[in-house]
Amino acid sequence: MLAAGLGLATVAAYAAGTPDELITARQMEMKTNMKAMKALVLILKGQAPYDQATVQAAAKAIKDARAEGEAKDVWNASAQAGTSVKSEAKPEIWSDAAGFAAAWKSLDGAVAGLETVTDEASLKAAFPAVGGACKGCHEKYRAAED
């Protein structure tokens, strides 16, 4: 079972407060999402067998990381820049708050679709919405890595 080996961390390991702490916590949120996505991609590429527990763990990890980040207000405007932690978040996150909120809503809907997956075929049908939500947000709200 792949789910047990995912090592999906959440932002709970970080106490939000200073800009550096908030940036670190939101980076952990994104790393959690990336690990979850990788587990799903392995299944979709046929590099891992379909496993219901893995799919559900991935959906739960993304949902939990988002809830944790929201609870800790990691996307607070006070944390646009840190002193020792570099952020890849673009200023548009805060200047286009409605668009950013819509991007989150898109991800929430896509994850809800993942939660209904029951087999490989339904995973293949649900996954593009998740990937699209991630890509759409990253294209508009994430700076290119140096």
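Nothing in this text is a laboratory measurement; each read-out follows from the coordinates by a stated rule. Computed from a prediction, not measured in an experiment: that's the story for all the values here. Cβ atoms come from the backbone with ideal geometry, glycine included; neighbour counts cover every protein chain shown.
For the reader, a short list of remarks on this structure follows.
- Charge tally in the Cβ shell below 13 Å around Leu40, where Lys, Arg are +1 and Asp, Glu are -1, Leu40 excluded: +2
- In the chain, the DSSP-assigned H stretches of four residues or longer account for a calculated mean residue ellipticity at 222 nm of -21000 deg cm²/dmol, using -39500 (n - 2.57) per stretch and the full residue count as denominator.
- Under 16 Å from Lys90, Cα to Cα: lysines that are on another chain or at least 8 residues apart: Lys135, Lys140
- In region 38-146, the GluC sites (Glu not before Pro) that fall in loop regions by DSSP, at most 10 other Cβ within 10 Å: Glu145
- In sequence order, calculated HN-Hα J values of region 21-31 (Karplus, 6.51, -1.76, 1.60; Hz; x Gly/Pro): 5, 5, 5, 4, 5, 6, 5, 5, 4, 5, 5
- C-alpha center-to-center spacing [region 68-146, region 34-66] in angstrom: 16
- Amide hydrogen neighbours beyond the local backbone of Gly17, cut-off 5 Å, H modeled: Leu22
- Region 22-99, relative contact order in percent, only Cα pairs under 8 angstrom and at least six apart counted: 42
- The relative contact order of region 32-146, computed from alpha carbon pairs under 8 Å that lie at least 6 residues apart in sequence, is 30 percent.
- Note on region 59-131: dipole from Cβ charges, positive end direction compared against Ala89, Ala65, Ser122; the farthest Cα belongs to Ala89.
- Remark: region 32-38, residue by residue, has Karplus-estimated 3J(HN,Hα) of 4, 4, 5, 4, 5, 4, 4 Hz, where x stands for each Gly or Pro and the curve is 6.51 cos²θ - 1.76 cosθ + 1.60 at θ = phi - 60°.
- 3J(HN,Hα) couplings calculated from phi for region 106-119 with the Karplus curve 6.51 cos²θ - 1.76 cosθ + 1.60 (θ = phi - 60°) are, in sequence order, 4, 5, 4, x, 5, 5, 4, x, 4, 5, 9, 5, 10, 7 Hz; Gly and Pro show x.
- Close amide-amide hydrogen proximity is noted between Arg142 and Lys90, each under 5 Å apart and 5 or more residues distant or on a separate chain (H modeled in the peptide plane; Pro and chain starts excluded).
- About its Cα centre, the chain has a charge dipole of approximately 220 debye under the convention of +1 per Lys or Arg Cβ and -1 per Asp or Glu Cβ, with nothing else charged.
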